[in-house]
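The values are calculated or read from the model by the stated rules, or taken from the named source; none is laboratory data. These figures come from a predicted structure and were not determined experimentally. Cβ placement follows ideal geometry from the backbone for every residue including glycine, while neighbour counts extend to all protein chains displayed.
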Amino acid sequence: MDSLILAIETSCDETACAVVEDGKIVRSNAVFSQIELHKEYGGVVPEVASRNHALTLPHMIDSALAEASVSFFELSAVAVTNAPGLVGALLTGVSYAKALAYSINKPLIAVNHIAGHICANYLTHPTLTPPFLCLVVSGGHTHIVEVVDYLKFKLLGQTRDDAAGEAFDKIARVLGLGYPGGPLLEQLARQGKPIYPYPVSFKGEDHLDFSFSGLKTSVINHLRKLERGEGFSKADVAASFQENVVSTLLLNVERAVLNTGFHKIALAGGVSANGLLQERFVALAKKLGVQAYVPHVRYTTDNAAMIGAAAHHQFVVGDFAGLDTNALPRQSIF
Ligand code: KG4
Ligand code: ZN
């Protein structure tokens, strides 16, 4: 065994701890979702998230270690997400990880959340190695990334406005579905048909960027119009919106594969839990004759195992963090 890492993730509304061996083997993966606490507000309340991370984290660490049958002293390092995310929420994890690493005399590893999402693929597909292309779709990010090496990333395309997950959450809200929007919208879309042809941004242009704010406005205006009439189905609106987002994302993935000639494509981030996206992604890979990698659904949305996966590669090269490490709301991996 090269590494046994305790990883902590508190960047948004999941309090998560995991023990990961060699960046691939998940010995435990404890996730406490705060959804119930934020539901009544229709979204994440940063202050509530931070306070509850602080309350829950000690128990989550205990249960992650117990489930993995590992003691503090057997650990190689303590890893923590320090960026990007809600700064107060990140700070709870960072403070805890610093104190813990210091007290048990183990190295501290500061992990970027987006690098973590990408590395989630190694947990489900231990034989996957860079280079490959990765579509990162989360609540705050929509990127097409060239994974040059485990810790080296190149940005090929990104959203110029809203992230895909943000658009899912917004449309779910106007459809009256509540929070979290993505999974609820997917559920509703299953009962509808994608009969409305909403506009696809940048169609026919040869860059790899995205834009979802025009789609959002189109869907909202269309919904208002439908609501003035009679006999329409919200499920059809949800299905049409989802169809649009998925085909927009995959249009650029296809172009990225054709431009670069990569033979491996991977998905990452919360939106990659979406069944239609996964299905179409695999079908696209088949059509292009490339290999598709989709992380297991438990590693798509926020979790700490993915942080442990990324941290392993930092551990191998001795990329350790000092006790002056801070939580950062923004940080690029490029
Ligand atoms: O990666 P993630 O858990 O947190 C961030 O790093 O942002 O992603 C959360 C996003 C939210 O916008 C959520 O609505 C979306 O992922 N999401 C989904 C699905 N599950 C989560 N979007 C579409 N379909 C889903 N099944
Ligand atoms: Zn995330």
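For segment 195-228, which residues satisfy the criterion of being within 16 Å of ligand 1 (Cβ to nearest atom), outside any loop (DSSP other than H, G, I, E, B) and of a type in the set (A, V, I, L, M, F, W, C)?
Hits for segment 195-228 are F210, L215, V219.
Mind checking which residues of segment 158-173 are more than 16 Å from ligand 2 (Cβ to nearest atom) and either under 15 Å from L277 (Cα atoms) or part of a helix (DSSP H, G or I) (or both)? Write out each step before concluding.
Going residue by residue through segment 158-173, those that are more than 16 Å from ligand 2 (Cβ to nearest atom) are 160-161, 170-173.
Within segment 158-173, K170, I171, A172, R173 qualify.
Could you give me the residue pairs with C-beta distances under 6 Å whose first residue belongs to segment 262-278 and is within 23 Å of K154 (Cα to Cα) and more than 14 Å from ligand 1 (Cβ to nearest atom), whose second residue is among the small types (G, A, S) and in a strand (DSSP E or B) wherever it lies, and which are 6+ apart or on separate chains?
What qualifies is I265/A292.
Taking segment 100-127 only, how many residues are within 16 Å of ligand 1 (Cβ to nearest atom) and farther than 15 Å from G322 by Cβ?
From segment 100-127, those within 16 Å of ligand 1 (Cβ to nearest atom) are 111-121, 123-124; that's our starting set.
Subset that is farther than 15 Å from G322 by Cβ: 112-121, 123-124.
Of the residues in segment 100-127, 12 are within 16 Å of ligand 1 (Cβ to nearest atom) and farther than 15 Å from G322 by Cβ.
If you check G192, G231, G176, G139, which single one turns out to be outside any helix (DSSP H, G or I), over 30 Å from R27 (Cα atoms) and within 15 Å of ligand 1 (Cβ to nearest atom)? If you could, list the steps in order and put the result at the bottom.
On the way: G231 fails: within 15 Å of ligand 1 (Cβ to nearest atom); G176 fails: within 15 Å of ligand 1 (Cβ to nearest atom); G139 fails: over 30 Å from R27 (Cα atoms).
When all the criteria are applied, what remains is G192.
Looking at segment 113-128, is at least one residue in contact (Cβ under 8 Å) with a residue 24 or more places away in the chain and either assigned to a strand (DSSP E or B) or in contact with a Lys or Arg (Cβ under 6 Å, 6 or more places away or on another chain) (or both)?
Of the residues in segment 113-128, the ones in contact (Cβ under 8 Å) with a residue 24 or more places away in the chain are 113-126, 128.
Applying the additional criterion that residues be either assigned to a strand (DSSP E or B) or in contact with a Lys or Arg (Cβ under 6 Å, 6 or more places away or on another chain) (or both) yields 122, 126.
Yes - at least one qualifying residue is present in segment 113-128.
I'm trying to understand the selection: among the residues of segment 2-40, which are outside any strand (DSSP E or B), in contact (Cβ under 8 Å) with a residue 60 or more places away in the chain and over 17 Å from N121 (Cβ atoms)? Let's see the steps before the verdict.
First pass over segment 2-40, keeping only residues outside any strand (DSSP E or B): 2-3, 10-13, 22-24, 34-40.
Cutting the leftovers down to in contact (Cβ under 8 Å) with a residue 60 or more places away in the chain gives us 2-3, 10-13, 22-24, 35, 38-39.
Answer for segment 2-40, where residues must be outside any strand (DSSP E or B), in contact (Cβ under 8 Å) with a residue 60 or more places away in the chain and over 17 Å from N121 (Cβ atoms): D2, S3, T10, S11, C12, D13, I35, H38, K39.
Could you tell me which residue of segment 288-333 is surrounded by the most Cβ atoms within 10 Å (Cβ to Cβ), considering only residues that are part of a loop (DSSP other than H, G, I, E, B) and of a type in the set (D, E, K, R)?
The residue in question is D302.
Any idea which of (1) at pLDDT 95 or above; (2) more than 16 Å from ligand 2 (Cβ to nearest atom); (3) outside any helix (DSSP H, G or I) is the one C134 doesn't satisfy?
(2)
All but one of (1) farther than 23 Å from A115 by Cβ; (2) touching a helix residue (DSSP H, G or I) at 6+ places or on another chain (Cβ under 8 Å); (3) within 14 Å of ligand 1 (Cβ to nearest atom); (4) not charged (D, E, K, R) hold for I35; state the number of the condition that does not hold.
With respect to (1) farther than 23 Å from A115 by Cβ; (2) touching a helix residue (DSSP H, G or I) at 6+ places or on another chain (Cβ under 8 Å); (3) within 14 Å of ligand 1 (Cβ to nearest atom); (4) not charged (D, E, K, R), I35 is out only on (2).
Looking only at segment 254-289, how many residues end up being under 17 Å from G165 (Cα atoms) and either within 16 Å of ligand 2 (Cβ to nearest atom) or touching a Gly at 6+ places or on another chain (Cβ under 8 Å) (or both)?
9
Could you grab me the full set of residues in segment 111-149 that are surrounded by fewer than 24 Cβ atoms within 10 Å (Cβ to Cβ) and among the aliphatic types (A, V, I, L, M)?
Within segment 111-149, L128, L133, V148 qualify.
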